[in-house]
Amino acid sequence: MGQQVIPDTDQQIIPDTDQQIIPDGGVILSETQSKSVMNSSSIMCFPKLIKCVIIGLDGTLVNTDAILSFQEYAKQWDGREPLKIAAKTPSALPCSPFQCCNVKALPGANRLIQHLKTNGVPMVLASNSPRETIHAKISFHNGWEDSFSVIIGGDQVPTGKPSPDIFFEAARRLRMEPSSCLVIEDSLPGVTAGKAAEMEVVAVPSLPKQSHLFTAADEVINSLLDLRLENWGLPPFADWVEGTLPVDPWYIGGPVVKGFGRGSKLLGIPTANLSTKDYLDILSEHPAGVYFGWAGLPARGIFKMVMSIGWNPYFGNKEKTIEPWLLHEFTEDFYGEELRLVIVGYIRPERNFPSLESLIAKIHEDRIVAERALDLPMYSSHKNDLYLRSS
């Protein structure tokens, strides 16, 4: 099999061992950690079926860090001095009413909560924040508070994460065995606490390029969009359509700029890059990955488009980039022309590749998926969006 690559790192290569890669953007896990790993569209075989889900708040369901602008205490925690930092994470700090009302749900959060509620799966919201602060943060998200069977704050247990107290309390209130609980967390203290409670843990790292630190988790995913509940014996999402996930449309645009010069020359895939300087807030809201939609060039027309957002781990980018590929044969460059994009769907998370050839092959697979999906009425209707024609 040769060498294996840890996705979302600076191209760190390790020799073959008994370790495995979770496909499409996961983390290398040992045999005992991974239990049984198949491709991301298949069911992973676990010995226990999950009966309830316990979810963190800040960085897992809501993008609090972008509002509060605090340094990452626990999310950069390396496992030392747990008692000193247990209650000092940004999530434990209060936010003003103005800040709380501007805390946005992370992509996939509303979808997850609604799906579990609809299917009668008990949910617990477990945060190091005081209970009053949790209420303030979620009160602006319609239906969230009523969706959880239990909500537990850090002020309701002896010690916050990374202590397992909050998870033991969640299981006690639900009258569930800890082993039947699935924890979804974005931080190392949260993952550590979940495993100390002997629960199954899915990590959704909120900091980029940090997946390799979450080896204690049973599974590591790029975002909530990539969560496969059927892997845990829970009702699967039913909203994937021909390998794509519909998303609420979002919009970006600007003059086409020169990129790294590798699209056409190295990959044979000409991308029409956009500057990120005016879209930093939007980029922080959307997980790295492959998306698709429609592209408008006022002087040329409207075209199908597939795009990557992220750090391109194969090339080790230092900054998050936007690289759309307009699915049309152009006879000339159009640098400086205004490009408008309407993003309507998601294909997969960003991942690393063991070779340039495998990267190119995957990009062409993404193209095929996007081209077919954009012929579906649910996606093709967005071709008429007025944003694509404005300049």
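For the range 325-337, does any single residue satisfy the condition of being in a loop (DSSP other than H, G, I, E, B) and in contact with an Asp or Glu (Cβ under 9 Å, 6 or more places away or on another chain)?
Checked the range 325-337: at least one residue is in a loop (DSSP other than H, G, I, E, B) and in contact with an Asp or Glu (Cβ under 9 Å, 6 or more places away or on another chain).
Under 9 Å between Cβ atoms, at least 6 apart or on separate chains: pull out the pairs that start in the range 280-294 with a residue that is in a helix (DSSP H, G or I) and end on any residue that is surrounded by 15 or more Cβ atoms within 10 Å (Cβ to Cβ) and aromatic (F, W, Y).
Pairs that qualify, where the first residue is in a helix (DSSP H, G or I) and the partner is surrounded by 15 or more Cβ atoms within 10 Å (Cβ to Cβ) and aromatic (F, W, Y), are I282/W250; E285/W250.
Restricting attention to the range 256-268, does a residue exist that is basic (K, R) and free of Cβ contacts under 8 Å to residues at least 12 places away in the same chain?
Yes.
Residues that are over 16 Å from L245 (Cβ atoms) and touching a Gly at 6+ places or on another chain (Cβ under 6 Å): does the range 296-314 have at least one?
Yes.
Across the range 86-113, what is the number of residues that are assigned to a helix (DSSP H, G or I), modelled with pLDDT under 90 and small (G, A, S)?
Selection size over the range 86-113: 2.
Out of K209, K277, K304, report the one residue that is of a type in the set (K, R), over 26 Å from M176 (Cβ atoms) and part of a strand (DSSP E or B).
Criteria check complete, one pass: K304.
The values are calculated or read from the model by the stated rules, or taken from the named source; none is laboratory data. Fair warning: this is a prediction, and the values are worked out from it, not measured in the lab. For neighbour counting, all protein chains shown are included, and Cβ atoms are generated from backbone atoms with ideal geometry for every residue, glycine included.
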